[in-house]
Amino acid sequence: MSNNTHGAEGQGCSRRLIVLEQREGVLKSTSVDLWHRMQMQCKGSRLSAVLLGPVDKENPSLQLSGPGVIHHACDERLRRYDPRLYRRIIGELFEEGGFSELLFADTALSRDLAPALSVRLGASLLSRCSALPEAGRCHRRLYSGAAEGTFVASSPRAIVTVSPSSILLQPATVFLPDILPLAVPAAEHDDLPSIVRQVVRREGMVDVAEAGVVVAGGRGMGSAEGFALLEELASLFGGAVGASRTVVDEGWRPHGEQIGQTGKSIAPRLYIACGISGAVQHLSGISGAGTVVAINRDSHAPIFEVADFGLVGDVGEVLPEFVAALKEFLKMQ
Ligand SMILES: Cc1cc2nc3c(=O)[nH]c(=O)nc-3n(C[C@H](O)[C@H](O)[C@H](O)COP(=O)(O)OP(=O)(O)OC[C@H]3O[C@@H](n4cnc5c(N)ncnc54)[C@H](O)[C@@H]3O)c2cc1C
(Lines give C-alpha, C1' and ligand atoms only; values in the text may rest on other atoms or scores of the structure.)
Protein backbone atom coordinates (compact mmCIF):
# COMPACT_ATOMS: atom_id res chain seq x y z
CA MET A 1 0.00 0.00 0.00
CA SER A 2 1.35 3.39 -0.90
CA ASN A 3 1.09 6.30 1.52
CA ASN A 4 1.74 8.90 -1.21
CA THR A 5 -0.20 12.11 -0.88
CA HIS A 6 -1.56 13.83 -3.94
CA GLY A 7 1.13 16.53 -3.64
CA ALA A 8 3.92 13.98 -3.39
CA GLU A 9 2.63 12.16 -6.50
CA GLY A 10 2.64 15.53 -8.24
CA GLN A 11 6.38 15.69 -7.52
CA GLY A 12 6.83 12.20 -9.06
CA CYS A 13 8.58 11.09 -5.86
CA SER A 14 8.41 7.38 -6.65
CA ARG A 15 10.36 7.96 -9.88
CA ARG A 16 13.21 9.84 -8.23
CA LEU A 17 16.44 8.15 -7.19
CA ILE A 18 18.72 9.88 -4.67
CA VAL A 19 22.45 9.23 -4.73
CA LEU A 20 23.86 9.06 -1.18
CA GLU A 21 27.61 9.42 -0.71
CA GLN A 22 29.95 7.98 1.87
CA ARG A 23 33.49 9.09 2.45
CA GLU A 24 35.94 6.95 4.34
CA GLY A 25 33.05 4.85 5.64
CA VAL A 26 30.95 7.78 6.88
CA LEU A 27 27.69 8.91 5.28
CA LYS A 28 28.18 12.51 4.12
CA SER A 29 26.12 15.19 5.85
CA THR A 30 25.24 16.66 2.42
CA SER A 31 23.57 13.32 1.59
CA VAL A 32 21.68 13.23 4.89
CA ASP A 33 20.51 16.80 4.18
CA LEU A 34 19.35 15.88 0.64
CA TRP A 35 17.43 12.81 1.89
CA HIS A 36 15.64 14.81 4.57
CA ARG A 37 14.79 17.66 2.21
CA MET A 38 13.26 15.09 -0.15
CA GLN A 39 11.29 13.61 2.75
CA MET A 40 9.82 17.03 3.47
CA GLN A 41 8.94 17.64 -0.18
CA CYS A 42 7.52 14.14 -0.72
CA LYS A 43 5.42 14.31 2.46
CA GLY A 44 5.85 10.76 3.68
CA SER A 45 5.92 8.86 0.38
CA ARG A 46 8.58 6.15 0.07
CA LEU A 47 11.88 7.40 -1.33
CA SER A 48 14.50 5.44 -3.23
CA ALA A 49 18.21 5.95 -2.82
CA VAL A 50 21.46 4.30 -3.80
CA LEU A 51 24.58 4.17 -1.63
CA LEU A 52 27.89 2.80 -2.89
CA GLY A 53 30.64 1.60 -0.60
CA PRO A 54 30.74 0.39 3.00
CA VAL A 55 29.47 2.64 5.78
CA ASP A 56 31.20 1.14 8.77
CA LYS A 57 31.20 3.95 11.30
CA GLU A 58 27.42 4.22 11.76
CA ASN A 59 24.39 2.38 10.39
CA PRO A 60 23.05 4.59 7.55
CA SER A 61 19.41 3.79 8.28
CA LEU A 62 19.83 5.28 11.79
CA GLN A 63 20.97 8.62 10.37
CA LEU A 64 18.16 8.88 7.82
CA SER A 65 14.56 9.12 8.91
CA GLY A 66 11.43 8.60 6.88
CA PRO A 67 10.11 5.76 4.77
CA GLY A 68 12.01 4.49 1.77
CA VAL A 69 14.51 2.02 0.46
CA ILE A 70 18.28 2.35 0.20
CA HIS A 71 19.95 0.14 -2.40
CA HIS A 72 23.29 -0.39 -0.72
CA ALA A 73 26.26 -1.90 -2.54
CA CYS A 74 28.47 -2.56 0.45
CA ASP A 75 31.57 -3.67 -1.43
CA GLU A 76 35.17 -2.78 -0.56
CA ARG A 77 35.85 -1.93 -4.23
CA LEU A 78 33.45 0.99 -3.87
CA ARG A 79 34.97 2.51 -0.73
CA ARG A 80 36.91 4.95 -2.91
CA TYR A 81 35.28 6.65 -5.88
CA ASP A 82 35.73 4.61 -9.05
CA PRO A 83 34.12 6.60 -11.91
CA ARG A 84 33.52 3.65 -14.24
CA LEU A 85 32.07 1.32 -11.63
CA TYR A 86 29.96 4.04 -9.99
CA ARG A 87 28.63 5.11 -13.41
CA ARG A 88 27.74 1.56 -14.33
CA ILE A 89 26.01 0.57 -11.08
CA ILE A 90 23.97 3.77 -10.73
CA GLY A 91 23.15 3.84 -14.47
CA GLU A 92 21.87 0.24 -14.43
CA LEU A 93 19.79 0.74 -11.27
CA PHE A 94 18.27 3.90 -12.76
CA GLU A 95 17.31 2.09 -16.01
CA GLU A 96 16.04 -1.09 -14.34
CA GLY A 97 14.05 0.81 -11.71
CA GLY A 98 12.31 2.95 -14.37
CA PHE A 99 13.35 6.17 -12.62
CA SER A 100 13.08 9.52 -14.35
CA GLU A 101 15.12 11.78 -12.06
CA LEU A 102 18.49 11.21 -10.41
CA LEU A 103 19.35 13.56 -7.55
CA PHE A 104 22.77 14.38 -6.13
CA ALA A 105 24.01 16.85 -3.55
CA ASP A 106 26.43 19.23 -5.28
CA THR A 107 29.82 17.77 -4.28
CA ALA A 108 33.19 17.12 -5.91
CA LEU A 109 32.00 13.58 -6.73
CA SER A 110 28.72 14.67 -8.31
CA ARG A 111 30.48 17.30 -10.42
CA ASP A 112 32.36 14.43 -12.04
CA LEU A 113 29.70 11.73 -12.04
CA ALA A 114 26.52 13.66 -12.93
CA PRO A 115 27.66 14.90 -16.38
CA ALA A 116 28.99 11.44 -17.28
CA LEU A 117 25.69 9.82 -16.26
CA SER A 118 23.69 12.39 -18.20
CA VAL A 119 25.53 11.28 -21.35
CA ARG A 120 25.11 7.59 -20.53
CA LEU A 121 21.39 7.91 -19.75
CA GLY A 122 20.53 10.55 -22.36
CA ALA A 123 19.24 12.76 -19.54
CA SER A 124 19.18 16.54 -19.15
CA LEU A 125 21.61 17.89 -16.58
CA LEU A 126 20.34 20.54 -14.16
CA SER A 127 23.29 21.45 -12.00
CA ARG A 128 23.74 23.41 -8.78
CA CYS A 129 20.03 24.01 -8.20
CA SER A 130 19.48 26.20 -5.14
CA ALA A 131 16.58 24.01 -4.00
CA LEU A 132 14.97 20.70 -4.94
CA PRO A 133 13.39 20.81 -8.41
CA GLU A 134 9.62 21.05 -8.62
CA ALA A 135 7.67 19.82 -11.64
CA GLY A 136 10.90 19.38 -13.60
CA ARG A 137 12.06 22.97 -12.98
CA CYS A 138 15.04 24.04 -10.97
CA HIS A 139 16.18 27.47 -9.88
CA ARG A 140 19.78 28.57 -9.63
CA ARG A 141 21.19 31.78 -8.21
CA LEU A 142 23.26 33.63 -10.79
CA TYR A 143 25.78 36.47 -10.52
CA SER A 144 26.20 35.81 -6.79
CA GLY A 145 22.52 36.09 -6.07
CA ALA A 146 21.80 39.21 -8.16
CA ALA A 147 19.61 37.14 -10.50
CA GLU A 148 17.87 33.80 -10.50
CA GLY A 149 17.64 31.49 -13.49
CA THR A 150 14.98 28.84 -14.06
CA PHE A 151 16.15 25.69 -15.81
CA VAL A 152 13.82 23.12 -17.35
CA ALA A 153 14.83 19.60 -18.41
CA SER A 154 14.52 19.18 -22.16
CA SER A 155 14.40 15.38 -21.98
CA PRO A 156 12.01 13.11 -20.01
CA ARG A 157 14.97 12.09 -17.84
CA ALA A 158 16.89 14.53 -15.67
CA ILE A 159 19.96 14.50 -13.50
CA VAL A 160 19.89 17.17 -10.83
CA THR A 161 22.57 18.39 -8.45
CA VAL A 162 21.35 20.45 -5.50
CA SER A 163 23.45 22.95 -3.55
CA PRO A 164 23.74 22.15 0.15
CA SER A 165 21.82 24.18 2.71
CA SER A 166 22.83 25.32 6.19
CA ILE A 167 19.25 24.82 7.42
CA LEU A 168 19.07 21.38 8.99
CA LEU A 169 15.80 19.57 8.46
CA GLN A 170 14.78 16.46 10.36
CA PRO A 171 11.28 15.26 9.51
CA ALA A 172 9.23 14.08 12.49
CA THR A 173 8.54 10.45 11.59
CA VAL A 174 8.84 7.03 13.16
CA PHE A 175 9.81 5.38 9.86
CA LEU A 176 13.34 4.29 9.02
CA PRO A 177 14.32 3.33 5.48
CA ASP A 178 14.83 -0.31 4.52
CA ILE A 179 18.27 -1.35 3.31
CA LEU A 180 18.34 -3.59 0.23
CA PRO A 181 21.69 -5.16 -0.72
CA LEU A 182 22.77 -4.24 -4.24
CA ALA A 183 25.02 -6.62 -6.16
CA VAL A 184 28.20 -5.28 -7.72
CA PRO A 185 28.92 -6.50 -11.26
CA ALA A 186 32.07 -8.52 -11.82
CA ALA A 187 34.96 -6.38 -13.04
CA GLU A 188 35.34 -6.15 -16.79
CA HIS A 189 38.50 -5.35 -18.62
CA ASP A 190 37.69 -1.63 -18.71
CA ASP A 191 36.86 -1.61 -14.99
CA LEU A 192 40.52 -2.02 -14.14
CA PRO A 193 41.33 0.97 -11.96
CA SER A 194 43.87 3.46 -13.21
CA ILE A 195 44.56 5.63 -10.19
CA VAL A 196 47.26 8.10 -11.08
CA ARG A 197 47.45 9.95 -7.77
CA GLN A 198 45.41 9.73 -4.62
CA VAL A 199 45.11 12.70 -2.33
CA VAL A 200 44.13 11.61 1.18
CA ARG A 201 42.96 14.14 3.72
CA ARG A 202 44.95 14.39 6.93
CA GLU A 203 43.51 12.32 9.78
CA GLY A 204 41.17 14.34 11.97
CA MET A 205 40.64 17.17 9.46
CA VAL A 206 37.04 18.08 8.67
CA ASP A 207 36.08 18.33 4.98
CA VAL A 208 35.28 21.94 4.09
CA ALA A 209 32.05 20.84 2.33
CA GLU A 210 30.86 18.96 5.43
CA ALA A 211 31.88 21.38 8.19
CA GLY A 212 29.44 23.33 10.34
CA VAL A 213 31.95 26.19 10.65
CA VAL A 214 34.37 27.23 7.88
CA VAL A 215 37.20 29.72 8.37
CA ALA A 216 38.52 30.67 4.94
CA GLY A 217 41.49 32.72 3.84
CA GLY A 218 42.32 34.64 0.70
CA ARG A 219 45.32 36.44 -0.72
CA GLY A 220 45.07 38.86 2.21
CA MET A 221 46.49 36.13 4.48
CA GLY A 222 49.84 36.96 2.86
CA SER A 223 51.47 33.51 2.78
CA ALA A 224 51.00 29.80 3.46
CA GLU A 225 52.33 30.41 6.99
CA GLY A 226 49.57 32.97 7.55
CA PHE A 227 47.08 30.09 7.55
CA ALA A 228 48.38 28.75 10.88
CA LEU A 229 46.08 31.26 12.60
CA LEU A 230 43.11 30.10 10.54
CA GLU A 231 43.86 26.47 11.39
CA GLU A 232 43.87 27.38 15.07
CA LEU A 233 40.61 29.32 14.76
CA ALA A 234 38.96 26.50 12.79
CA SER A 235 40.03 23.88 15.33
CA LEU A 236 38.62 25.98 18.21
CA PHE A 237 35.27 25.89 16.39
CA GLY A 238 35.67 22.21 15.44
CA GLY A 239 35.43 23.39 11.84
CA ALA A 240 37.45 23.38 8.63
CA VAL A 241 39.81 25.71 6.79
CA GLY A 242 38.76 26.91 3.33
CA ALA A 243 40.55 28.95 0.68
CA SER A 244 40.00 31.19 -2.32
CA ARG A 245 41.28 30.08 -5.69
CA THR A 246 44.13 32.60 -5.60
CA VAL A 247 45.44 30.91 -2.48
CA VAL A 248 45.23 27.48 -4.11
CA ASP A 249 46.90 28.77 -7.30
CA GLU A 250 49.70 30.17 -5.13
CA GLY A 251 50.15 26.69 -3.65
CA TRP A 252 49.44 27.92 -0.10
CA ARG A 253 46.56 25.46 0.40
CA PRO A 254 45.39 22.23 -1.31
CA HIS A 255 42.71 22.31 -4.00
CA GLY A 256 40.38 20.25 -1.77
CA GLU A 257 39.88 23.37 0.35
CA GLN A 258 38.96 25.70 -2.54
CA ILE A 259 35.51 27.24 -2.28
CA GLY A 260 33.61 28.55 -5.28
CA GLN A 261 32.68 27.97 -8.88
CA THR A 262 35.68 25.76 -9.62
CA GLY A 263 35.96 24.52 -6.03
CA LYS A 264 33.42 23.28 -3.52
CA SER A 265 29.95 24.54 -2.60
CA ILE A 266 29.65 24.81 1.15
CA ALA A 267 26.76 25.27 3.58
CA PRO A 268 28.20 25.84 7.06
CA ARG A 269 26.17 27.48 9.81
CA LEU A 270 29.02 30.02 10.16
CA TYR A 271 31.41 31.19 7.43
CA ILE A 272 34.32 33.51 8.28
CA ALA A 273 36.10 35.04 5.26
CA CYS A 274 39.54 36.48 6.05
CA GLY A 275 41.37 38.59 3.45
CA ILE A 276 38.99 37.46 0.70
CA SER A 277 37.71 40.11 -1.72
CA GLY A 278 34.43 38.34 -2.56
CA ALA A 279 34.66 37.74 -6.31
CA VAL A 280 31.45 36.32 -7.86
CA GLN A 281 33.20 33.00 -8.55
CA HIS A 282 33.98 32.68 -4.84
CA LEU A 283 30.54 33.83 -3.67
CA SER A 284 28.79 31.21 -5.80
CA GLY A 285 30.26 28.57 -3.49
CA ILE A 286 28.94 30.11 -0.26
CA SER A 287 25.32 30.81 -1.23
CA GLY A 288 24.17 28.02 1.13
CA ALA A 289 26.09 29.41 4.13
CA GLY A 290 24.20 30.58 7.21
CA THR A 291 25.89 33.53 8.96
CA VAL A 292 28.69 35.17 6.96
CA VAL A 293 31.43 37.15 8.75
CA ALA A 294 34.05 39.06 6.73
CA ILE A 295 37.36 40.51 7.84
CA ASN A 296 39.03 42.73 5.25
CA ARG A 297 41.10 45.90 5.39
CA ASP A 298 39.28 47.38 2.37
CA SER A 299 35.88 48.69 3.46
CA HIS A 300 34.71 48.58 -0.18
CA ALA A 301 35.52 44.88 -0.70
CA PRO A 302 32.49 43.13 -2.32
CA ILE A 303 32.51 40.46 0.41
CA PHE A 304 30.91 43.03 2.74
CA GLU A 305 27.83 43.14 0.50
CA VAL A 306 26.98 39.54 1.41
CA ALA A 307 28.32 39.57 4.98
CA ASP A 308 26.01 39.58 8.00
CA PHE A 309 28.87 40.93 10.12
CA GLY A 310 31.86 42.83 8.73
CA LEU A 311 35.09 43.89 10.36
CA VAL A 312 37.33 46.40 8.55
CA GLY A 313 40.87 45.68 9.67
CA ASP A 314 44.14 43.91 9.05
CA VAL A 315 43.93 40.13 9.51
CA GLY A 316 47.39 40.21 11.10
CA GLU A 317 45.95 42.32 13.94
CA VAL A 318 42.34 41.12 14.12
CA LEU A 319 42.87 37.35 14.02
CA PRO A 320 45.29 36.96 16.98
CA GLU A 321 42.86 38.99 19.10
CA PHE A 322 39.92 36.94 17.85
CA VAL A 323 41.70 33.64 18.65
CA ALA A 324 42.72 34.85 22.13
CA ALA A 325 39.19 36.09 22.91
CA LEU A 326 37.64 32.83 21.70
CA LYS A 327 40.04 30.79 23.86
CA GLU A 328 39.08 32.88 26.89
CA PHE A 329 35.41 32.42 26.10
CA LEU A 330 35.77 28.65 25.69
CA LYS A 331 37.68 28.41 28.98
CA MET A 332 34.69 29.93 30.77
CA GLN A 333 32.23 27.42 29.27
C1 LIG B 1 36.45 30.79 -14.51
C2 LIG B 1 36.89 31.25 -13.15
C3 LIG B 1 36.63 30.44 -12.07
C4 LIG B 1 37.01 30.83 -10.78
N5 LIG B 1 36.72 30.03 -9.72
C6 LIG B 1 37.01 30.47 -8.47
C7 LIG B 1 36.65 29.70 -7.33
O8 LIG B 1 36.13 28.58 -7.42
N9 LIG B 1 36.94 30.20 -6.10
C10 LIG B 1 37.54 31.43 -5.92
O11 LIG B 1 37.78 31.82 -4.76
N12 LIG B 1 37.91 32.16 -6.99
C13 LIG B 1 37.67 31.71 -8.25
N14 LIG B 1 38.07 32.46 -9.31
C15 LIG B 1 38.94 33.63 -9.07
C16 LIG B 1 38.20 34.88 -8.61
O17 LIG B 1 37.77 35.61 -9.75
C18 LIG B 1 39.12 35.78 -7.76
O19 LIG B 1 40.26 36.10 -8.52
C20 LIG B 1 39.57 35.15 -6.45
O21 LIG B 1 38.45 34.65 -5.75
C22 LIG B 1 40.26 36.21 -5.60
O23 LIG B 1 40.82 35.61 -4.47
P24 LIG B 1 41.12 36.47 -3.17
O25 LIG B 1 39.86 37.09 -2.68
O26 LIG B 1 41.87 35.60 -2.25
O27 LIG B 1 42.16 37.56 -3.69
P28 LIG B 1 41.99 39.08 -4.03
O29 LIG B 1 40.88 39.33 -4.96
O30 LIG B 1 43.34 39.57 -4.42
O31 LIG B 1 41.56 39.74 -2.64
C32 LIG B 1 42.37 39.83 -1.53
C33 LIG B 1 41.60 40.62 -0.48
O34 LIG B 1 42.35 40.64 0.71
C35 LIG B 1 42.28 41.93 1.28
N36 LIG B 1 43.49 42.08 2.09
C37 LIG B 1 44.78 42.17 1.66
N38 LIG B 1 45.62 42.21 2.71
C39 LIG B 1 44.84 42.17 3.82
C40 LIG B 1 45.13 42.19 5.20
N41 LIG B 1 46.39 42.23 5.67
N42 LIG B 1 44.09 42.13 6.07
C43 LIG B 1 42.81 42.09 5.63
N44 LIG B 1 42.49 42.07 4.33
C45 LIG B 1 43.49 42.10 3.43
C46 LIG B 1 42.20 42.88 0.12
O47 LIG B 1 41.57 44.08 0.51
C48 LIG B 1 41.35 42.07 -0.87
O49 LIG B 1 39.97 42.36 -0.72
C50 LIG B 1 37.69 32.08 -10.60
C51 LIG B 1 37.94 32.89 -11.71
C52 LIG B 1 37.55 32.48 -12.96
C53 LIG B 1 37.81 33.38 -14.13
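The values are calculated or read from the model by the stated rules, or taken from the named source; none is laboratory data. In this text the structure is predicted, and so the values were computed from the model without any measurement. Backbone-built Cβ (ideal geometry, glycine too); neighbour counts: all protein chains shown. To get the accessible areas, we keep the full protein, side chains included, count just its heavy atoms, and leave off ligands, DNA and RNA. Shrake-Rupley method; radii C 1.70, N 1.55, O 1.52, S 1.80 Å.
Taken about its Cα centre, segment 24-156 carries a charge dipole of roughly 260 debye when the Cβ of each Lys and Arg holds +1 and the Cβ of each Asp and Glu holds -1.
Only Cα pairs within less than 10 Å get springs; with that Gaussian network setup on the chain, which residue of Pro115, Pro164, Pro156 has the largest fluctuation? The residue with the greatest mean-square fluctuation here is Pro156. D by Stokes-Einstein for the chain, Kirkwood Rh over Cα pairs, 25 °C, 0.890 mPa s: 117 µm²/s. Across segment 263-270, computed HN-Hα scalar couplings (Karplus, 6.51 cos²θ - 1.76 cosθ + 1.60, θ = phi - 60°) run x, 9, 8, 10, 9, x, 5, 10 Hz from first to last residue, x flagging Gly and Pro. Assuming charge only on the beta carbon of Lys and Arg (+1) and of Asp and Glu (-1), the dipole of the chain about its Cα centre is about 600 debye to the nearest 20. What are the aspartates and glutamates whose alpha-carbon lies under 13 Å from the alpha-carbon of Lys28, with same-chain residues fewer than 8 places away excluded? Counting by Cα, and skipping residues close in sequence, Lys28 has these aspartates and glutamates nearby: Asp56, Glu58, Asp106, Asp207, Glu210. Exposed loop positions in the chain were taken to be trypsin sites (Lys or Arg not before Pro) whose DSSP state is not H, G, I, E or B and which have at most 12 other beta-carbon atoms within 10 angstrom. Between these positions, the longest stretch is 58-196. Placing a label point 7 Å from the Cα of Leu326 along the Cα-to-Cβ direction, the residues of segment 247-275 whose backbone N falls under 19 Å of that point are 253-254, 257-259, 266-275. Per residue of the chain, the DSSP helices (runs of n ≥ 4 H) give a summed -39500 (n - 2.57) that works out to -8000 deg cm²/dmol at 222 nm. Note on the chain: with a GNM built from Cα contacts shorter than 10 Å, the maximum mean-square fluctuation among Ala114, Ala224, Ala146 falls on Ala146. Rounded, prolate or oblate: which fits segment 288-330 when a ≥ b ≥ c are the square roots of the eigenvalues of the alpha-carbon gyration tensor, with rounded for a/c under 1.5 and prolate only if a/b beats b/c? Since a/c reaches 1.5 but b/c is at least a/b, the shape of segment 288-330 is classed as oblate.
Straight-line reach only, C-alpha to C-alpha below 18 angstrom: list the aspartates and glutamates that Lys331 could link to, leaving out same-chain residues fewer than 8 apart. List returned: Glu232, Glu321.
Across the accessible surface of the chain, with the other protein chains kept in place and a 1.4 Å probe, carbon and sulfur atoms take up 54 percent. By a 1.4 Å probe calculation restricted to protein chains, Met40 has an accessible surface near 90 Å², given to the nearest 10. Which one of Leu126, Ala240, Val293 has its Cα pushed farthest toward the positive end of the charge dipole of the chain, where Lys and Arg give +1 and Asp and Glu give -1 at the Cβ? Towards the positive end, the residue furthest out is Leu126.
Using the 1.4 Å probe convention, the accessible area of the chain works out to 49 Å² per residue with neighbouring protein chains retained.
Between Phe227, Val208, Phe329, the Cα set farthest toward the positive side of the dipole of segment 205-333 (charges on each charged residue's Cβ, about the Cα centre) is that of Val208.
For Thr262, the accessible surface of its heavy atoms amounts to roughly 70 Å² (probe 1.4 Å, protein chains only, rounded to the nearest 10). With the simple spin-label model, which puts each label point 7 Å out from Cα in the Cβ direction, the Ser223 to Arg137 separation comes to 5.4 nm.
Using heavy atoms of the protein chains and a probe of 1.4 Å, the accessible area assigned to Ser130 is about 30 Å².
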